[in-house]
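The values are calculated or read from the model by the stated rules, or taken from the named source; none is laboratory data. All values reported here derive from a predicted model rather than from experimental measurement. Just the protein is used for accessible areas: all its heavy atoms, side chains included, with ligands, DNA and RNA removed. Shrake-Rupley method; radii C 1.70, N 1.55, O 1.52, S 1.80 Å.
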Amino acid sequence: MKFGGEFNWKNKRNYDIAKYPFIRNDLTIFVYSQAAPIPLIFDRYFRYTEKSLKAMGIKPIKRITVLGAFTKDSVQKKKGVLNKAYNIGKNLANN
């Protein structure tokens, strides 16, 4: 099947986005912040959002939820969350 040029279907990450804007294979880390200290309170919404974006080719590989985020800088105070996000992103970039 041709769409204006050759496409390597085996390696979907190896494509020209200008030539094939409708083909995506983006691996994504979702980071949500919420003021509520209960971890599962917005879980249905998170799943809904991830399923909606999956139809557009954005594949969720990990979800990080920051609890008790009452202010704009509350995430900066949670070093554990920042380290977790950094390590996941580093592993994603290396693979």
Meets criteria (closer than 25 Å to Ala69 by Cα, at pLDDT 80 or above and assigned to a helix (DSSP H, G or I)) for Phe46: yes
Identify the residue in the range 61-95 that is outside any loop (DSSP other than H, G, I, E, B) and open to solvent by less than 40 Å² (accessible area, probe 1.4 Å) and, among all such residues, is nearest to Ser33 (Cα to Cα). Val66
Residues of the range 59-72 satisfying the condition of being within 22 Å of Ile41 (Cα to Cα) and not polar (S, T, N, Q): Pro60, Ile61, Lys62, Arg63, Ile64, Val66, Leu67, Gly68, Ala69, Phe70, Lys72
